[in-house]
Amino acid sequence: MTTPSESTSTFICGKYQLKLNRPHVMGIVNVTPDSFSDGGKYTSTQAAVCHALTLIAEGADILDIGGESTRPGAAPVSLDEEISRVIPVIEALNGVSTVPISIDTYKPEVMRQAIAAGADMVNDVRALQEPGALDVLVKSHVGICLMHMQGNPMTMQMSPHYEDVVIEVGQFLADRLQVCLNHGIAKNRIVLDPGFGFGKTREHNISLIQQLEKLHRIGLPLLVGLSRKSVLGAIAGGDENQRLYASIAASVISAMKGAKIVRVHDVKATVDALKVLAAIL
């Protein structure tokens, strides 16, 4: 297994430089009515900002603000609706947040407005494949997360198929990385996400986590998002609100296998678990 301390890289994330010499925790702030786990809890700007500040107090290293659910079967929301949800939250956090603010979106105009409002990172489930997305990032200095997804949220879990999920996910991420590099985006601004649960069966997800070290060959830090996902329910049972212990186990295992960022709902529990891991290793 790859330990969190075996390598150090610096992730340029807007005005922040994150030393990835330990696993970092990205706290989820969903400003949505329909996200699979916490949809509807933080739909107002005030509630979302309070939750974000709580996550920082609990030890979050990055905040990930999302205004459109990407759970399986989720319908897309309009550009105007997404902007109205996330931009006021980013504006309110800008200047008071002590950690990087990430915008979870695939829409170029949301990216542009979020960066102008103070976002330090773009977390894109479509890996900058939308027309115009690359242009927005080329003109900025924010961090980028490129994620793999087979299909789209409406259909991705209907019949996902791979000949070899690890090879295919790795090739996709390597190809998208090369596109970014070809457009002049610095390598130290990019992290990669295998996209657990995005067009993958239980077996595909397990194969990816078992062989996560193979994705390190691409040469960039990995971000892993397994928090409360259905694959954990398939293994341990329980609905999305009963997957705390399974989520912590997934984060610890991901960190032991070299993940540099884990994206989670339960920040304090994950931070404590990773502190124990770091002390032992």
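The values are calculated or read from the model by the stated rules, or taken from the named source; none is laboratory data. Everything quoted here is computed from the prediction, not taken from an experiment. With ideal geometry, Cβ positions are generated from the backbone for all residues, glycine too; neighbour counts draw on all protein chains shown.
Scanning region 165-208 for residues that are touching a residue at least 60 places away in the same chain (Cβ under 8 Å) and surrounded by fewer than 17 Cβ atoms within 10 Å (Cβ to Cβ) gives 186, 188.
Among the residues of this structure, residue 6 does not count as one that is at pLDDT 95 or above and surrounded by fewer than 19 Cβ atoms within 10 Å (Cβ to Cβ).
Quick one: in region 61-73, of everything that is within 20 Å of residue 43 (Cβ to Cβ) and not acidic (Asp, Glu), which residue is surrounded by the fewest Cβ atoms within 10 Å (Cβ to Cβ)? Spell out how you get there, then give the answer.
If we filter region 61-73 for residues that are within 20 Å of residue 43 (Cβ to Cβ), which is where we start, we get 63-71, 73.
Within this subset, residues satisfying the condition of being not acidic (Asp, Glu) are 63, 65-67, 69-71, 73.
Working: 63: 28, 65: 29, 66: 23, 67: 27, 69: 19, 70: 23, 71: 20, 73: 13.
Among those that are within 20 Å of residue 43 (Cβ to Cβ) and not acidic (Asp, Glu), it is 73.
Residues of region 248-263 that are in contact with a helix residue (DSSP H, G or I) (Cβ under 6 Å, 6 or more places away or on another chain) and farther than 16 Å from residue 194 by Cβ: 248, 252. Just one of the listed residues (125, 99) is within 21 Å of residue 228 (Cβ to Cβ), surrounded by fewer than 24 Cβ atoms within 10 Å (Cβ to Cβ), in contact with a strand residue (DSSP E or B) (Cβ under 9 Å, 6 or more places away or on another chain) and at pLDDT 95 or above, namely 125. If you go through region 23-40 and keep only what is out of contact with any helix residue (DSSP H, G or I) (no Cβ under 6 Å at 6 or more places or on another chain) and modelled with pLDDT of 65 or more, you end up with 24, 26, 28, 30, 32, 33. Scan region 221-253 for residues that are touching a His at 6+ places or on another chain (Cβ under 9 Å) and among the aromatic types (Phe, Trp, Tyr) and the total you get is 0.
Regarding residue 112, is this residue among the basic types (Lys, Arg), farther than 25 Å from residue 229 by Cβ and surrounded by 17 or more Cβ atoms within 10 Å (Cβ to Cβ)? Explain how you work it out, then say what you get.
On the way: among the basic types (Lys, Arg): yes; farther than 25 Å from residue 229 by Cβ: yes; surrounded by 17 or more Cβ atoms within 10 Å (Cβ to Cβ): yes.
So residue 112 passes the test.
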